[in-house]
Amino acid sequence: GERDLELWLLVDGGAPISLGLIPEAGGQRLRIESRVPLAEGNGLAISVEPVGGSPTGAPTGPVIAAQMFPTA
């Protein structure tokens, strides 16, 4: 079945914040406009979601990638 990839901002002690869907573009670099300052988070994650994104506002499918931001 069809699925979408969703990008999440990981927040220390809080729920992940959706940064939007990652369009399929055959390996091209794509710009995603964040609706929240990335400085509020401590990492990023990508989950596999139903078409159109998570129906709950939280990751519902498997997380296929996660990376914490470097700390100073």
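Overall, the chain carries a charge dipole of about 140 debye about its Cα centre when +1 sits on the Cβ of Lys and Arg and -1 on the Cβ of Asp and Glu, all other atoms neutral. Normalised per residue, the accessible area of the chain is 70 Å², obtained with a 1.4 Å probe and no contribution from ligands, DNA or RNA.
Legend: residues Ser34, Ser47, sorted from most to least accessible area (1.4 Å probe; ligands, DNA and RNA excluded), read Ser34, Ser47. Put simply, the amide H of Asn42, placed in the peptide plane, has neighbours under 5 Å in Leu10, Val11, Asp12, leaving out anything fewer than 5 places away on its chain.
Computed in the context of the full set of protein chains, the accessible area of the chain at 1.4 Å probe radius has 56% of its extent on carbon or sulfur.
The values are calculated or read from the model by the stated rules, or taken from the named source; none is laboratory data. Everything numeric in this text was worked out from a predicted model, so none of it was measured. Every residue, glycine as well, gets a Cβ built from its backbone with ideal geometry; the counts of neighbours run over all protein chains shown. Each accessible area value is taken on the protein alone, full model and side chains, heavy atoms only, with ligands, DNA and RNA left out. Shrake-Rupley method; radii C 1.70, N 1.55, O 1.52, S 1.80 Å.
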